[in-house]
Amino acid sequence: AKYTFIGFSVLSLLALAVFITLWLSGFSKDSSFDYYTIYFRNNSLSGLQPEAQVTMRGIKIGSVYQVSISEKDVALVKVIIKVDTQTPVKTDTKAMVNRNLLTGLAWIELEGTTENSAELTNILPDEEHPVIPEGQGQLEQIALTLPAIFEKIDQFLTKANLIASDQNKASIE
């Protein structure tokens with residue numbers, strides 16, 4: 001009877017130790033996340049760190065799990081994110097990097113999800129997780145439109161100079 005009690009006690013303590021180890025390692029917590037890979041080529045990732053926020057429509061839905069240089073192409077930065085399983089990540093979802101201009105801290109914003117699109121579950125060959133394509137952040141969109149805006153301003157100023165030419169002034173007088 002003593003040996004049975006001691007054996008049962010040892011097995012119970014061992015099971016408790018395994019449970020506590022799994023609990024502290026976050027085993028149960030990570031099971032409620034889906035993992036996705038994003039390859040960034042055009043976005044600057046300065047200020048983006050592991051555990052940075054991943055948001056959709058301004059709501060935190062997950063975090064950055066890992067940031068590394070891609071083994072396939074050194075011009076690509078591979079970012080793995082973990083997202084709450086209830087988040088609708090679809091085939092038309094795009095990922096972009098946004099940052100706080102004062103602190104420089106960056107986060108990933110998922111945008112472009114529509115109701116009619118299919119869930120993103122397809123895992124490409126040589127990938128561990130589904131791949132979300134890169135989108136353009138707000139600063140990148142502004143930077144791309146600036147040359148067109150400056151060209152329009154230049155055209156306007158050229159026409160204004162023609163209107164204010166000496167010939168036109170003489171004709172108006």
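The values are calculated or read from the model by the stated rules, or taken from the named source; none is laboratory data. A quick note: this is a predicted structure, and the numbers were derived from the prediction, not measured. In this analysis, Cβ positions are derived from the backbone assuming ideal geometry, glycine residues included, and neighbour counts consider all displayed protein chains. All accessible areas refer to the heavy atoms of the entire protein, side chains included, with ligands and DNA or RNA removed. Shrake-Rupley method; radii C 1.70, N 1.55, O 1.52, S 1.80 Å.
Just give me the residues in region 37-54 being in a strand (DSSP E or B) and open to solvent by 10 Å² or more (accessible area, probe 1.4 Å), in sequence order. Spell out how you get there, then give the answer.
Filtering region 37-54 for residues in a strand (DSSP E or B) gives 37-40, 53-54.
Correct list: Y39, Q53.
Counting only strands (runs of 3 or more DSSP E) that sit completely within region 55-161, those holding 2 or more residues that are free of Cβ contacts under 8 Å to residues at least 40 places away in the same chain correspond to 59-69. Checked against the criterion of being farther than 18 Å from E111 by Cα, open to solvent by 90 Å² or more (accessible area, probe 1.4 Å) and among the aliphatic types (A, V, I, L, M), the candidates I59, I6, I20 yield just one match: I6. Answer yes or no: is there a residue in region 65-83 that is farther than 26 Å from E127 by Cβ and surrounded by fewer than 17 Cβ atoms within 10 Å (Cβ to Cβ). No, that holds for no residue. Residues in region 84-107 that are open to solvent by 30 Å² or more (accessible area, probe 1.4 Å) and among the hydroxyl-bearing types (S, T, Y) were compared, and the one that is modelled with the lowest pLDDT is T103. The requirement of being at pLDDT below 90 and not hydrophobic (A, V, I, L, M, F, W, C) is not satisfied by S68.
It is to be established whether one or more residues within region 140-147 are farther than 18 Å from I61 by Cβ and at pLDDT 85 or above. If you could, list the steps in order and put the result at the bottom.
Of all residues in region 140-147, those farther than 18 Å from I61 by Cβ come to 140-147.
Next cut, at pLDDT 85 or above only: 147.
Within region 140-147 (the criterion being farther than 18 Å from I61 by Cβ and at pLDDT 85 or above), the answer is yes, since at least one residue qualifies.
Taking the conditions (1) touching a Ser or Thr at 6+ places or on another chain (Cβ under 7 Å); (2) closer than 30 Å to F19 by Cα in turn, Y36 satisfies each one other than (1). Of note, I149 does not satisfy the criterion of being out of contact with any strand residue (DSSP E or B) (no Cβ under 7 Å at 6 or more places or on another chain), exposed (fewer than 10 other Cβ atoms within 10 Å of the Cβ) and of a type in the set (A, V, I, L, M).
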